[in-house]
Every structure is written in C-alpha cells, then in structure tokens.
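Take a look at the structure below.
Rule-based calculations on the coordinates, nothing more; no lab input. Note that the structure is a prediction, hence the values are computed from the model and not measured. Please note: Cβ atoms are built from the backbone with ideal geometry, for glycine as well, and neighbour counts cover all protein chains shown.
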Amino acid sequence: MEKIKELLNSCGIKRVGFCSYEGVKNALLPCRNLARLPENAKTVICAVFPYKVKDAVPENISRYAAVPDYHTVCGEMLKIAAEKLKALFPENAFEAFIDNSPINEVLALSKTRLGKVGQNGLFIDDKFGSFVFLGEIVTDLDLNVTDHSPTPCLGCGKCKAACPVGLKKEDCLSKITQQKGELSNEQRLLIKQNGLVWGCDICSEVCPENDGKDLTDIAEFLNSYRYCFSPTEDYTDRAYTWRGEKVILRNYEIIKNEK
Ligand code: SF4
Ligand code: SF4
C-alpha cells in the first residue's frame, strides 16, 4: 500500500486511504458509471482533495465553487495515477471516478482511517476537515485491506441548528441552487435569504470538527480561486457550468432582484 500511496503522491494526490470493495459493494449508487467498475473488484483507493483556500468565507458561493472545476483538476490527477498504476500492474484494472461515482464515497472514506462522518452526512477528514472533494480508483488488485469501523463526529448538533432546512436532504439549499427549471416560492426565498448562488457551506462553517484544520495545498486552487460570483466575469472553468449557465444566473437574479 505504501508503494501505491507514493505513486499517488507523485501525481499530486497527497491524502490517500484504502477500503475493501467488499465493504462498499452493497451500497453502490445507481449511475451510468456502474458499468465501468472492474469485474472482481477488490480494493477502493480513496483520494481526498482539500479545497479550502483561506479562512475567510466566500461572498455568494460555497467554497467548492470558488475554486476551478474539480472534475478537471482532481480528475486529471486521478487519471494520471490510474495510468501509472496500470503501467506498474499491467494485469490489473484501475478505474478512476470523481463525482458520478457508483461508490458511496462517504461510506468508503469512513472505512479508511482518514476521518469521520458528520451528522450532516459529510466526510470530515482528520487533516483537512469537510472542505474536501472525494475521488476513487477502483481496482481488482487485492491489497488485503482491513476496513476500519466508521468514527462518528462530535455530535454537537450545531450543523442541524444552523441549517436552514434542519438537515433535510431533499430540501438542502446546495441541491436547490443546482436544480434546473422553475423553483417554488419557498425555494426562491431560501436562496434569497441565504444569499448563495451556488452550493451551501452553512453546516460545515459551524462545525467544530473543521476548526484548526489545514488549508489546501493544491496549486491550481490556490492560484485561481474567486470568492464572489459575478455574471460579468469569465466563469467557464468553474464547476457550476456543468449545469449550464442558466441555473446560476437564475439564482443570481433571485438574490439581486427579488424582494
Ligand atoms: S456540527 Fe457537530 S454534529 Fe454536526 S457534523 Fe460537526 S461535529 Fe458533527
Ligand atoms: S448544505 Fe446547507 S442546506 Fe444543506 S444540509 Fe448543509 S446547511 Fe443544510
């Protein structure tokens, strides 16, 4: 495993853990990438990509939206790592996933010893907290991983108290800001009241598990973060464009023009 960690480190992936495929196979998510999972998968190599660039809170977007598109930045690192692994173990398959993963990422990470799971459902990395993107490389290479029992968070309840929808997943503001089409009056009000055009970090910002955690060391994020969304700026390299620009522009108009 050390050799694999070193290989991933050499691709810029500094935070790496492992869990067995056996431990996650009964919780696979229905998505088109299911077909890409290697036959006889044995190991999930988990990667954590921190994205908090500084302590100050962004103006009208969540922290993950403040940095360049993680599909590109982290996806490229994972792709190169999978290619290097394939060169090292030509008999084995290595499939990289970032977003749209059939693996329940929080479950996988919870078994790695890298961190814990919050009451808000987020993975909280021991080094970087919950401001992290998650990715995986699934392989049929058997590393004989022993899964760790998931560790719970402090359980202080601050996330639930601060959340505008009481941690109800189906009403999550982050999800609403990414929803296409017409929004209900309640949803529009939620966007307006919280002043967020993309994502929501309220439950993470109040979480004491995030106190004193490290900031990102990923150069692509540090060199090109933007703390406020404005329709007049070029935002084509940001993750929110994957929903089409109409969605974020609608949210921007709600905040700017609705009473
Ligand atoms: S705010 Fe408290 S209960 Fe919520 S995730 Fe953080 S530690 Fe857990
Ligand atoms: S992201 Fe926002 S709306 Fe969603 S659970 Fe956290 S605080 Fe609540």
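If the limit is 19 Å between Cα atoms, which of Lys14/Lys42; Lys160/Lys246; Lys169/Lys246; Lys180/Lys246; Lys14/Lys127 go over it? Can you show the working numbers first?
Details: Lys14/Lys42 22 Å; Lys160/Lys246 30 Å; Lys169/Lys246 24 Å; Lys180/Lys246 8 Å; Lys14/Lys127 11 Å.
Violating the 19 Å Cα-Cα cut-off are Lys14/Lys42; Lys160/Lys246; Lys169/Lys246.
Just the number, please: percent antiparallel of the DSSP beta bridges in the chain, rounded to the nearest 5.
90 percent
Can you return the lysines within cross-link range of Lys192? Criterion is Cα-Cα under 16 Å, with same-chain partners fewer than 8 residues away left out. Partners found: Lys175, Lys256, Lys259.
For Asp237, Asp55, Asp140, which order do you get if you count the other beta carbons within 10 Å of each Cβ and list the fewest first? Let's see the in-between values first.
Working: Asp237 14, Asp55 6, Asp140 18.
Lowest count first: Asp55, Asp237, Asp140.
Between Glu233 and Asn92, the modelled label-to-label distance comes to 4.2 nm, taking each label 7 Å out from Cα in the direction of the beta carbon. Using the Cα coordinates of the range 14-125, the gyration tensor eigenvalues translate into equivalent-ellipsoid semi-axes of 26, 17, 13 Å, sorted from longest to shortest.
Taken along the Cα-to-beta-carbon direction at a fixed 7 Å, the label points for Asp171 and Leu154 span 2.6 nm.
Judged by the gyration tensor of its Cα atoms, with axes a ≥ b ≥ c, the range 1-74 is oblate; a/c meets the 1.5 cut and b/c is at least as large as a/b. Separation of the range 3-39 from the range 41-56 is 12 Å, based on Cα centroids. Relative to the longest principal axis of the Cα atoms of the chain, the long axis of helix 245-257 makes an angle of roughly 30 degrees.
The mean sequence separation of alpha-carbon pairs under 8 Å and at least six residues apart, normalised by the residue count of the chain, gives a relative contact order of 27 percent. A simple spin-label model places the labels of Leu34 and Lys3 3.4 nm from each other, with each point 7 Å out along Cα-to-Cβ. In order along the range 214-231, the Karplus-derived 3J(HN,Hα) couplings, from 6.51 cos²θ - 1.76 cosθ + 1.60 at θ = phi - 60°, round to 6, 8, 5, 10, 7, 4, 4, 7, 5, 7, 9, 8, 9, 8, 8, 7, 9, x Hz, and Gly and Pro are given as x. Binning the C-alpha pair distances of the range 150-259 at 5 Å intervals from 0 yields a P(r) profile of 2, 10, 18, 19, 18, 16, 12, 5, 1, 0 %, listed from the shortest bin outward. Farthest towards the positive end of the charge dipole of the chain, among the residues Gly118, Gly166, Val145, is the Cα of Gly166, using unit charges on the Cβ of Lys, Arg, Asp and Glu.
Viscosity 0.890 mPa s, temperature 25 °C: give me the Stokes-Einstein translational D for the chain in µm²/s, with Rh taken as the Kirkwood radius over C-alpha pairs.
Stokes-Einstein gives a translational diffusion coefficient of 128 µm²/s.
Estimated from helices alone, the mean residue ellipticity of the chain at 222 nm is -8500 deg cm²/dmol (sum of -39500 (n - 2.57) over DSSP H runs with n ≥ 4, per residue).
Enter the angle in degrees (range 0 to 90, nearest 10) between the Cα long axis of helix 185-194 and the first principal axis of the Cα atoms of the chain, meaning the one along which they spread out most. The answer is roughly 80 degrees. Projecting the Cα atoms of Leu222, Val48, Cys200 onto the charge dipole of the chain (Cβ charges, centred on the Cα centre) puts Cys200 farthest toward the positive pole.
When you filter the trypsin sites (Lys or Arg not before Pro) in the range 51-81 for DSSP loop state and at most 11 other Cβ atoms inside 10 Å of their Cβ, nothing is left.
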